[in-house]
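The values are calculated or read from the model by the stated rules, or taken from the named source; none is laboratory data. These numbers were taken from a predicted model, which means no experiment stands behind them. Reconstructed Cβ throughout: ideal geometry from the backbone, glycine too, with neighbour counts over all protein chains shown. In case anyone asks, the SASA skips ligands and DNA or RNA and just uses the protein heavy atoms, side chains included. Shrake-Rupley method; radii C 1.70, N 1.55, O 1.52, S 1.80 Å.
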Amino acid sequence: QVQLVESGGGSAQPGGSLRIFCAASGGLFSSTNMAWYRQAPGLQRELVAVIMSDGTITYADSVMGRFTIARDDALNTVNLQMNNLKPEDTATYYCKQSSWRGTYWGQGTQVTVSS
């Protein structure tokens, strides 16, 4: 059974930075695609960034140039470095793992950006 645990959320001021982490267990991490999604109150969950098993990366236009996704296959982790944060980045951020075995979600970590 795959488990994903997010950590590192919190509060930041506009223009600040945060890094969030996702630790995976129970699967062959290196063969999976990992992604970060976010969901703000009243809005649909949206893709933020994805890193494929081959290292290919895609970002949402709204975070391009500000956020960086990275994975460590030795530690079974993926993280999201968020710079130049904006109030509209406020949301619950979810880690998602997908592969031929299935799709799994973490429980989410809250990121709040306000002055």
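On average, how much accessible surface per residue is there in the chain, in Å², for a 1.4 Å probe, leaving out ligands, DNA and RNA?
On a per-residue basis, 52 Å².
State, as an integer percentage, the relative contact order of the chain based on alpha-carbon contacts under 8 Å between residues 6 or more apart.
Details: 275 pairs, mean separation 42.2, N = 115.
About 37 percent, as a whole number.
Short version: ³J(HN,Hα) in whole Hz for each residue of the stretch 96-105, in order, from phi by Karplus 6.51 cos²θ - 1.76 cosθ + 1.60 (θ = phi - 60°), x for Gly and Pro, what are they?
With coefficients 6.51, -1.76 and 1.60, one gets 10, 10, 9, 6, 5, 6, x, 10, 9, 10 Hz.
Using a 1.4 Å probe and ignoring any ligands, DNA or RNA, find the accessible area of Thr77 and quote it in Å² to the nearest 10.
In the full protein context, Thr77 sits at about 40 Å².
Evaluate the distance, in nm, between pseudo-label points positioned 7 Å from the Cα of Ser31 and of Ser115 along their respective Cα→Cβ axes.
Inter-label distance under the simple model: 5.1 nm.
Considering the alpha-carbon set of the chain alone, what are its Rg and its Dmax in angstrom?
Here Rg and the maximum Cα pair distance are 13.4, 43 Å.
From the protein chains alone at 1.4 Å, what is the descending order of accessible area for Glu46, Glu88, Glu6, largest first? Don't jump to the answer; show the numbers that get you there.
Numbers: Glu46 80, Glu88 125, Glu6 10 Å².
Putting Glu46, Glu88, Glu6 in descending order of accessible area: Glu88, Glu46, Glu6.
What dipole magnitude, in Debye to the nearest 20, does the chain give about its Cα centre under +1 on Lys/Arg Cβ and -1 on Asp/Glu Cβ?
Here the chain has a charge dipole of around 100 debye.
For Met64 paired with Glu88, estimate the spin-label separation in nm (one decimal), with each label point 7 Å from Cα along the Cα-to-Cβ line.
My value for the distance between the label points is 1.4 nm.
Where is the GNM fluctuation largest for the chain (alpha-carbon springs, 10 angstrom cutoff): Gly65, Gly42, Gly55?
Among Gly65, Gly42, Gly55, the largest mean-square fluctuation in the Gaussian network model of the chain belongs to Gly42.
As I understand it, the dipole of the chain uses +1 on the Cβ of Lys and Arg and -1 on the Cβ of Asp and Glu, about the Cα centre. Which of Ser30, Pro14, Pro41 lies farthest toward its positive end?
Pro41
So how exposed is Met52, as accessible area in Å² (1.4 Å probe, rounded to 10)?
70
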